[in-house]
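This is the structure, below, for whatever I ask next.
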Amino acid sequence: MRQQIRYTLPRLSLVALMLASQQLNSVYAYACKEKIIVIGAGVSGLAAAKKLHDEGCDVTVLEGRDRLGGRIFTSQVGDLTIDMGASWIHGIGKGADGLKEWENKYNPLYQVTLDNKITTLATWQDEGDTESLYFWYKGGETTYDVGTVFKNFENSLEDLQEEADINTSLKDLYSKYDLTKKTSKGDAKVDQNIKDYTLAYFYGFEYAADADQLSGKYIDNDSYFFGPEHIFPDGYIQIPKALAKNLNVILNQKVTKIDYSKDSVNVITENGKVYEADRVVVTVPLAILKSNMITFTPQLPKSKQDSIEKMGAGLMDKLYLEFEDVFWDEEADWLDYISDGNVKWGITLNYYKYTKKPVLLMFNIGKDAREFAEMSDEDVIKQAMETLRTMYPKATDYVAYKRSNWSHDEFARQAYSFVKIGATKKDPLNIASDIDKKIYFAGEHTNFNFLGSAHGAYISGTDAASKIIEDYNSNFEQSLVSNFMYLRFAF
Ligand SMILES: Cc1cc2nc3c(=O)[nH]c(=O)nc-3n(C[C@H](O)[C@H](O)[C@H](O)COP(=O)(O)OP(=O)(O)OC[C@H]3O[C@@H](n4cnc5c(N)ncnc54)[C@H](O)[C@@H]3O)c2cc1C
């Protein structure tokens, strides 16, 4: 009888302990006592670090550059504040298309602006509502109804996707679509230009890649936040700065090695400094993972390496031109240029409309952006001005400019990521998965639903932090249980 009591009590208390720990876990997490290193002070790294710091973890952020923000980079042209990387919060309303978990919740970046009283400026309600002018490469405005061409494409997209496999590019998909019968009034060459332009204009600029690289199967399968699109009159950098408040961020720390072969993880920088941590969050861009700038010991699992290889690191570059006065249509949002057989300078944003400063923002993507990346500022601007003069023969000379060159940026080497032909929506997920609950991954490239966006990066960072807290808590519970077992058998 005595023996029975002796065995029953511990069993009951063990169950009680487990239940209590689960209960505790759901009410509040155990205070995190771990040392965590986050690599990268872009929006994903800072979002992860902030959440972990708020949970009480001992967090250090190591950043290779001498500044915060990564692909969020605020600069100036003349006296106007501009952004060379991300410009927009895409959708400041509540809820995201098809995603229940965001019902009644704001885009988290918009939430950061509200919490930190950061001013934003509306550009348009929805990209579909923008005022666009289309210019034909031979000069003058085109008579083609590009909007309808796109609508027709879009309406047949789902059907076409059903027949597509993972190696079908967006371009392949549309080669099956007979555009000429529907809207064209011109010859076959002209139709092809419209078609190339439409693919580049509506998809290429969104995904920073050419149509022959984009997965036809997975294009347009991602989500978006509802509501108007806003920019930052005083720069997007306010978001990383707000997230970094109270965090320990060490700049100029280029990480070259991560050794996770032992219990703790060693993070080693180019100048030989060794940082030790219980867990590490890697948020460097996809192109950096592809480049092997960082050596992992042991090597990354083969399936993760394959997914890194398969996903596309897209390129988009910006050129801001300031003029003495406005010579273009003041009311248009976009001045769009349908070039001959390529998509160079396909879209130009009329910055004057929102800022009342005579500034245009011109973009290039994919192979055109790669071509321009190798050219001098002078040559790039010469081509841009030729395009503007085709659109507006009376265009005056520029007075100031600022140009991005993201593929030459040591710590980015890309703009944003896309699902490339051959990849699937599982690849970003696979890149995000942790290794041995020690190495975690975040960054825009790990979030299929919001691939390529600043809010996608933010969400990937908070997801990685939640996973760490969950893993920490389950470790903690396990050690509570095994300590209890040890005590039980010791007595
Ligand atoms: C031209 C352009 C326009 C864009 N427009 C928009 C837009 O309008 N709206 C939008 O939502 N998104 C836009 N984006 C995308 C958005 O900027 C990115 O998705 C987002 O900023 C990525 O954040 P991240 O944290 O994943 O990566 P990053 O911001 O790149 O952060 C990663 C950090 O890791 C650091 N790092 C790299 N290697 C190392 C190393 N070895 N050691 C230490 N640190 C290292 C980098 O310096 C960087 O700070 C745009 C991007 C570009 C380039």
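The numbers here are math on the coordinates, done by the rules we state, and not lab data. As the structure is a prediction and not an experimental result, all values here were calculated from the model. With ideal geometry, Cβ positions are generated from the backbone for all residues, glycine too; neighbour counts draw on all protein chains shown.
In Å and whole numbers, how far do the C-alpha atoms of the chain stretch along each principal axis, longest first?
Projected onto the principal axes, the Cα atoms of the chain cover 99, 50, 41 Å.
Does region 251-335 classify as rounded, prolate or oblate by the C-alpha gyration tensor (a ≥ b ≥ c root eigenvalues; a/c under 1.5 gives rounded; else a/b over b/c gives prolate, otherwise oblate)?
Here region 251-335 falls in the prolate category.
Continuing with the same structure: Regarding region 182-306, what's the average projected area of the Cα-atom convex hull, expressed in nm²?
13.8
Compute the separation of the alpha-carbon centres of region 111-126 and region 304-352 and state it in Å as a whole number.
23
May I ask you to order 212-218, 439-445, 320-326 by the average number of other C-beta atoms within 10 Å around their residues, highest value first?
With the highest mean Cβ count within 10 Å placed first, the list reads 439-445, 212-218, 320-326.
Here's a follow-up. Of the peptides 403-412, 123-132, how do they stack up when ordered by the mean number of other Cβ atoms within 10 Å, highest first?
Top to bottom by mean Cβ count within 10 Å: 403-412, 123-132.
Can you flag which of Lys51/Lys273; Lys367/Lys420; Lys105/Lys438; Lys254/Lys467; Lys438/Lys467 are past 22 Å Cα-Cα?
Lys51/Lys273; Lys105/Lys438; Lys254/Lys467
Moving to a separate point now. Does region 202-266 classify as rounded, prolate or oblate by the C-alpha gyration tensor (a ≥ b ≥ c root eigenvalues; a/c under 1.5 gives rounded; else a/b over b/c gives prolate, otherwise oblate)?
oblate
Using the Cα atoms as the points, what is the convex hull volume per residue of region 77-124 in Å³?
102
Net charge near Glu410, counting Lys/Arg +1 and Asp/Glu -1 over other residues with Cβ under 12 Å of its Cβ?
Here the count lands on 0.
Can you compute the charge dipole magnitude of region 197-274 about its Cα centre, using +1 on each Lys and Arg Cβ and -1 on each Asp and Glu Cβ, nothing else charged? Give it in debye, rounded to the nearest 20.
Approximately 560 debye in magnitude.
Right, something else. So what is the relative contact order for the chain, in percent, with contacts set as C-alpha pairs under 8 Å and at least six apart?
24
For the chain, give me the percentage of DSSP beta bridges that are antiparallel, rounded to the nearest 5 percent.
65
With the calculation restricted to Cα positions, what are the radius of gyration and Dmax of region 419-478 in angstrom?
Rg then Dmax for region 419-478, in Å: 12.7, 43.
Go from 0 up to the bin containing the longest alpha carbon distance in region 68-149, width 10 Å each, and give me the % of pairs per bin.
13, 30, 31, 20, 6
In vacuo Debye scattering of region 306-366, one point per C-alpha: log10 I(q)/I(0) at q = 0.15 Å⁻¹?
Those come out to -0.54, one per q.
Report, in order of residue number, the helices in the chain meeting two criteria: a C-alpha extent of 18 Å or more along the helix axis, and a mean Kyte-Doolittle hydropathy of at least 0.0; treat each whole DSSP H run as one helix.
Going by DSSP H runs, the hits are 2-27.
Under a point-charge model restricted to the Cβ atoms of Lys and Arg (+1) and Asp and Glu (-1), what is the dipole moment magnitude of the chain relative to its Cα centre, in debye to the nearest 20?
With Lys and Arg at +1 and Asp and Glu at -1, about 2280 debye.
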